[in-house]
Amino acid sequence: MFIIKNSEQLELMRHAGRITAEALLVAKEAIRPGVSTKEVDIKIRHFIEKCGATPSFLGYGGFPASACISVNDEVIHGIPSERRILVEGDIVKVDVGARYRGYNGDSARTFPVGKVSDEALRLIRVTKDSFYEAMKVLKSGCRLGDIGHAVESFVISNGFSVVRDYVGHGVGKDLHEEPNIPNYGTAGRGPRLYADMTVAIEPMVNQGTHEVKVKNDGWTVLTRDGKLSAHYENTVAITDGEPILLTEID
Ligand code: MG
Ligand code: MG
């Protein structure tokens, strides 16, 4: 059952989305060589709480922090730690959710730490651009497979691969609502999506193989070949025309 939001719910989603987006700006400012991922997480948590919201991820399925912070070959679900010190050349994925009056925003960005390799920058750019490929096809009446096809064909044409074991999703009162939204698929296939649904579109793009594995901490997802991965996510409201990005502020 896909949930259509009414105007009051969309307004709350907009507010939650804005807090989520600003929390990512807080992370962006905090990230530099010598900083631990735990320090970044604490700043995110303080910011979200100062806004009168709650970190959506804290305690979700038992997750122990406010943000997922994943470095280099860590794809998603990295646990912030005071022992994980960022160094120049790292790429850092920060995935954040904020719940405001019962509604969630969900967004992720990949930040370079200082100067990073040209190939890392290209991976980050292709991942972001693949999200915008999805935006070209995301409108009321489109099919689920249109989205995944748009993302995957763009990523493959750039020589990278999309993670298949983890996917985008509906978002609203629950952080993860139906439907699951894979970053791969066949155009013209799958159920239709309609205006006033809110969804998290989130390409996870690997430099090498699409295959991943879970670290022995039970959370952190790693690329199987140890190569880099990037992530780009926004919470989006579907309309009859251009989609509205609820977690984008610039
Ligand atoms: Mg997320
Ligand atoms: Mg998500």
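The values are calculated or read from the model by the stated rules, or taken from the named source; none is laboratory data. Worth saying up front: this structure is predicted, and the values here are computed from it rather than measured. When we count neighbours, we look across all protein chains shown, and the Cβ atoms used for this are built from the backbone with ideal geometry, even at glycine. Ligands, DNA and RNA are excluded from the accessible area calculation, which covers all protein heavy atoms including side chains. Shrake-Rupley method; radii C 1.70, N 1.55, O 1.52, S 1.80 Å.
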Q | the range 47-136, dipole about Cα centre (Lys/Arg Cβ +1, Asp/Glu Cβ -1), debye to the nearest 20 | A | 340
**Q.** Most mobile listed residue (P112, P33, P182) in the chain, GNM with C-alpha springs under 10 Å
**A.** P33
Q. Distance from the Cα centre of the range 195-245 to that of the range 84-103, in angstrom?
A. 13
Q: For the range 1-90, count the residues as N, evaluate 2.2 N^0.38 Å, and divide the Cα radius of gyration by that value, please.
A: 1.22
Q.
Could you report the accessible area of F111 in Å², rounded to 10, computed with a 1.4 Å probe on the protein chains as they sit in the structure?
A. 20
Q | All Cα pairs of the range 144-250, percent lying beyond 21 Å | A | 39
Q) How much length is gained if the chain between S153 and K28 is pulled fully straight, taking 0.36 nm per residue apart and subtracting their Cα-Cα distance, in nm to one decimal? A) 42.1 nm
Q.
Running a GNM on the chain with Cα contacts under 10 Å, which residue among E29, E152, E211 ends up with the highest mean-square fluctuation?
A. E29
Q) Distance in nm between label sites at L58 and K213, each 7 Å beyond Cα in the beta-carbon direction? A) 3.4
Q. Cα-Cα pairs above 13 Å in the range 64-111: how many percent?
A. 59
Q: May I ask you to derive the FRET efficiency for D240 and Y132 from their Cβ-Cβ distance with R0 = 22 Å, giving the value to the nearest 0.05?
A: 0.70
Q) Rounded to a whole number of µm²/s, how large is the Stokes-Einstein D of the chain at 25 °C and 0.890 mPa s, given Rh as the Kirkwood radius over C-alpha pairs? A) 138
Q) With each pseudo-label sitting 7 Å past Cα toward Cβ, what's the S140-I85 distance in nm, one decimal? A) 5.5
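Note the full-extension length gain between E49 and F2 as 0.36 nm times their separation in residues minus their Cα-Cα distance, in nm to one decimal.
Here the segment from E49 to F2 would lengthen by 14.0 nm.
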